Amino acid sequence: MRLPLEWLHQYCRPELTAQALATRLALTGTEVERIEHHGPQNTDRFVVGRVLQAQRHPQADRLSVCVVDIGNNEPSQIVCGAPNVKAGQTVAIAQPGAVMPDGTPLKTVKLRGVESQGMILAEDELALGTDHEGILVLNPGDGVAQMGPDPGAPLESLIPFATEVLVLEITPNRPDCLGVYGVAREVHAATGAPLNPPPWRDDPGSNGSVELATVEVQTPNELCQRFTARVFEDVKMGPSPPWLKARLMAAGQRPISNVVDVTNYAMLETGQPLHAFDLDRVAGHRLIVRQAQAQETMRTLDGQLRELDEQMVLIADDDGPTSIAGVMGGERSEVSETTTRVLMEVATWNGPNIHRTALKLGLRSEASARFEKQLQPEQALEAQAVATRLMIELCGARLAPGTIDIGGPGPTPPTIQLRDARVSGLLGVHIPRPRCQEILEALQFTVSENEEGLDTTPPPFRRADITREADVVEEVARIDGVDKLPPTLPSRHGASGRLTRHQTLLRRAVDALTAQGLHEVVGWSFAAPELAHKLRLEHHRAVELLNPMSSSEAELRTTLLGSLLDIAARNRSRGARTVRVFELGKAYLPTDEPLPREPERVAALVSGPVRPSTWREQAPPQADFFSAKGALAAVLDLLRVDWALERAEEPFLHPGRAAAIMLDGQRAGWIGEIHPLVLGEWDLDGVVAAFEVDLDAVLDRVPGAAQYSDLTTFPAAHEDLAVVVPDNIAAQRVGETMLAAGAPLLASAEVFDAYRDPEQIGPDRVSLAFHLEFRAPDRTLTDEEVAGKREAITLALQEKLGGTVRVA
């Protein structure tokens, strides 16, 4: 939001520079992004002038040589190119030495041989608008008397054409600060500067029925909380006065016409958007607030034909849609040069619904940006009061009796107790009760004392923001000054500076993966609805967001794989041949309960060529099933969790190169190479392998303190054993069978080779070579003890697996 300080000072003028005010606002929670200057810098060189003579230039048909009284002893001669300049006009003059808004310095020059001592200004040369067709003529009524002010009077006394502007970043919970007066209330509380009455205090309008128009609200109350309307007759369309144009331009709005400018001015001043209908173009003089029908269309003010859906709210007349509620008006009922009667609509809409509508249509406006933060019903009549006064003063309008008001004000905000002990307990510093009361009353809370502290009632415009005692404490703290709070360490009572067991295990998992050469990444928790299709998932369910940031982030993710593939694709597109990344994060699985289940998972992805592209390159890390398995083993083995892999299929994994990760016989994740069709969705090629495992299930199975055994006192006996088994038996199962048969002397059985040859070992069989290590904790083993265990292993392999020991 752009806040012109000249406009702010109409309601609150602190004795602070723009920079000091920005700092104070930032410390109280209203962030100032930057400070800008709008308009010319040296305003003393801009004065009021009166054209005494205007004659055609002797050397140029399109130029006029003017004699202008600017209050000096002698009139000034100024060459002007405007077609509308003539004697008797009161105009705006820039004298030599003035610096124009674009930074150009003005000098005395000769134009076609005639000296020009300044410039007669057009609107755009004062940053009052975009009009450059003619000079700005200060008509009576524009702050100018019938004969105008004395020539030479400072121009800024009539037009606020130059001002400092604070560019504010208003947080979503403070829509009351999206208007000039709302920020003035904050400045008053933060600085103690006096606050003038609000611009809506004196409302020229009246209550009661309106005879010239009717309104029917068919939507539920939560979609349209309040709808107000007033009718103006004898409206005289035309340009706005320069002072209003100046304020609109400084606030970032382009002047259009007096009626449209009134709606924008009232919105900027109160924070509440308005919309003006040409009453004679409203069919039946009746407005109907309803939800759109499927595929219903209407043409908006920007000339675009918009297709609506059933969740969108619109305003219709007897001929159909005429405005998209809270977003943009329709072309059919807009005010124009021929408008003589105006129906002024001010309503309170549902914030999330307006946000969804604007997002779905790709149509964000100043109105939708305010409505989506949820304005309060009381603001509707405040804006009506400001607009009514301006319509009468600037458009010569006559207000018809009555006000249409459907819905009325909102509920009374609840009273919240603020305890003295709670203030000091949360802030760690004592703030006296009188100071708390002073701050809250400056913020327009209703305050009364009780035995333990204060009873406080927030103002209606803070109804949605202040709901509990901690919120009131925060208000006290931010205005009193968070910079005053002492920097202290947390109390040691009940706390210690050490990691929890869960945090320690997470760090071990991260360390294990980084040791494998993987980089940690953080992906979005949001996913696009088409992610399930790209991963070839059927009957996929996901948690849909009611208020998504964009259509590509409309769901909560059910897997971490999508964000890892996004990162791989982004890195590949920028020339990275190998990508090795992992992420620790939550997935969100829908349930029958109001909230989803949120398991914590760890996922990793390895991508890159298996072999170097040239003989000169060093071989990069492999990217296949086994490289992913090595990264998985690094984590699970470091955490001392027993795990196994079983053959499995996933629609997004390559057939035959996929497995399920099993913990205690229960599936806890998957591992494999990504299916080529899935890789094509991300424009990836080659081999990409990944895994994803439920980290909660892993950490629940991590044993307690490690028990170390003696490995050096008594030597181990080592043997290699090759066993031929059916090809469908996993090597892990063979190793487990060996360990069970060789217990307790067989300490480990590690496979190091696999060999297939139908002629030598038979079809559908594989020869697996294992390295066996025998060890006893209290003695050196004899050959007879090892031979006995070897025979037991051979017998177990034959009986349980149908395997035979292969003799070289």
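Brief remarks on what is shown
- Selection of region 508-528 for residues being open to solvent by 30 Å² or more (accessible area, probe 1.4 Å) and either of a type in the set (Ser, Thr, Tyr) or assigned to a loop (DSSP other than H, G, I, E, B) (or both) yields 514, 516, 517, 522, 524, 525.
- Restricting region 377-414 to residues that are in a helix (DSSP H, G or I) and not aliphatic (A, V, I, L, M), the residue that is surrounded by the fewest Cβ atoms within 10 Å (Cβ to Cβ) is 393.
- Residue that is under 52 Å from the mean Cα position of the chain (by Cα), without any contact (Cβ under 8 Å) to a residue 24 or more places away in the chain and either under 30 Å from residue 251 (Cα atoms) or open to solvent by 40 Å² or more (accessible area, probe 1.4 Å) (or both), where the choices are 108, 90, 43: 108
- Single residue of region 579-609 satisfying the filter (among the hydroxyl-bearing types (Ser, Thr, Tyr) and open to solvent by 30 Å² or more (accessible area, probe 1.4 Å)) that is nearest to the chain's Cα centre (by Cα): 588
- Single residue of region 355-364 satisfying the filter (of a type outside the set (D, E, K, R) and touching a residue at least 40 places away in the same chain (Cβ under 8 Å)) that is surrounded by the most Cβ atoms within 10 Å (Cβ to Cβ): 357
- Residue pairs whose Cβ atoms lie under 8 Å apart, separated by 6 or more positions or on different chains, with the first residue in region 666-694 and without any contact (Cβ under 8 Å) to a residue 40 or more places away in the chain and the second open to solvent by less than 60 Å² (accessible area, probe 1.4 Å) and of a type in the set (Asp, Glu), are 668/694; 670/650; 670/692.
- Candidates 700, 683, 694 - the one that is under 39 Å from the mean Cα position of the chain (by Cα), at positive phi and either open to solvent by 40 Å² or more (accessible area, probe 1.4 Å) or not polar (S, T, N, Q) (or both): 683
- Count of residues meeting criterion [assigned to a loop (DSSP other than H, G, I, E, B) and buried (at least 19 other Cβ atoms within 10 Å of the Cβ)] in region 529-542: 2
- Candidate set: region 280-294, residues that are outside any strand (DSSP E or B) and among the charged types (D, E, K, R); chosen: the one nearest to residue 350 (Cα to Cα): 281
- Residues of region 782-791 satisfying the condition of being open to solvent by less than 40 Å² (accessible area, probe 1.4 Å) and in contact with a strand residue (DSSP E or B) (Cβ under 9 Å, 6 or more places away or on another chain): 786
- Residue within region 91-104 that is at positive phi and modelled with pLDDT under 90 present: yes
- Residue ID - surrounded by the fewest Cβ atoms within 10 Å (Cβ to Cβ), chosen from residues in region 161-185 that are assigned to a loop (DSSP other than H, G, I, E, B) and under 18 Å from the mean Cα position of the chain (by Cα): 172
- Looking at region 702-807, the helices (runs of 4 or more DSSP H) lying wholly inside it that each contain 2 or more residues that are in contact (Cβ under 8 Å) with a residue 40 or more places away in the chain, among the hydrophobic types (A, V, I, L, M, F, W, C) and farther than 30 Å from residue 504 by Cβ sit at 731-742, 783-801.
- Residues that are assigned to a loop (DSSP other than H, G, I, E, B) and either of a type outside the set (Gly, Ala, Ser) or open to solvent by 10 Å² or more (accessible area, probe 1.4 Å) (or both) are absent from region 420-427 altogether.
- For region 725-759, residues that are open to solvent by 20 Å² or more (accessible area, probe 1.4 Å), touching a strand residue (DSSP E or B) at 6+ places or on another chain (Cβ under 7 Å) and farther than 30 Å from residue 715 by Cα total 4.
- Selected residue (only one of 444, 374, 417 is farther than 17 Å from residue 265 by Cα, touching a Gly at 6+ places or on another chain (Cβ under 9 Å) and assigned to a loop (DSSP other than H, G, I, E, B)): 374
- Index of the failed condition, residue 97 passing every other in (1) under 17 Å from residue 155 (Cβ atoms); (2) in contact with a Gly (Cβ under 8 Å, 6 or more places away or on another chain): (2)
- Taking the conditions (1) in contact with a strand residue (DSSP E or B) (Cβ under 7 Å, 6 or more places away or on another chain); (2) at pLDDT 95 or above; (3) in a loop (DSSP other than H, G, I, E, B) in turn, residue 194 satisfies each one other than (1).
- Verdict on residue 268 being open to solvent by 20 Å² or more (accessible area, probe 1.4 Å) and within 26 Å of the chain's Cα centre (by Cα): no
- Evaluated against (1) within 60 Å of the chain's Cα centre (by Cα); (2) open to solvent by 20 Å² or more (accessible area, probe 1.4 Å), residue 767 falls short on exactly one condition, (2).
- Residue count for region 124-141, restricted to those that are open to solvent by 20 Å² or more (accessible area, probe 1.4 Å) and either under 42 Å from the mean Cα position of the chain (by Cα) or at pLDDT 75 or above (or both): 7.
- Residues located in region 792-808, provided they are in contact with a helix residue (DSSP H, G or I) (Cβ under 8 Å, 6 or more places away or on another chain), open to solvent by less than 60 Å² (accessible area, probe 1.4 Å) and either farther than 13 Å from residue 720 by Cβ or of a type outside the set (A, V, I, L, M, F, W, C) (or both): 792, 796, 797, 801, 803
- Filter pass, residue 319 being under 26 Å from residue 214 (Cβ atoms), open to solvent by 10 Å² or more (accessible area, probe 1.4 Å) and at pLDDT below 95: yes
- Taking the criterion of being surrounded by fewer than 21 Cβ atoms within 10 Å (Cβ to Cβ) and within 28 Å of residue 406 (Cβ to Cβ), the residues of region 226-256 that qualify are 233, 234.
- Enumeration of residues in region 642-674 that are open to solvent by 30 Å² or more (accessible area, probe 1.4 Å) and not in a strand (DSSP E or B): 642, 643, 649, 650, 651, 664, 665
The values are calculated or read from the model by the stated rules, or taken from the named source; none is laboratory data. All of these numbers come straight from a predicted model, not from anything done at the bench. We place every Cβ from the backbone using ideal geometry, glycine too, and count neighbours over all the protein chains shown. Quick note on the areas: whole protein, heavy atoms, side chains included, nothing else; ligands and nucleic acids left out. Shrake-Rupley method; radii C 1.70, N 1.55, O 1.52, S 1.80 Å.
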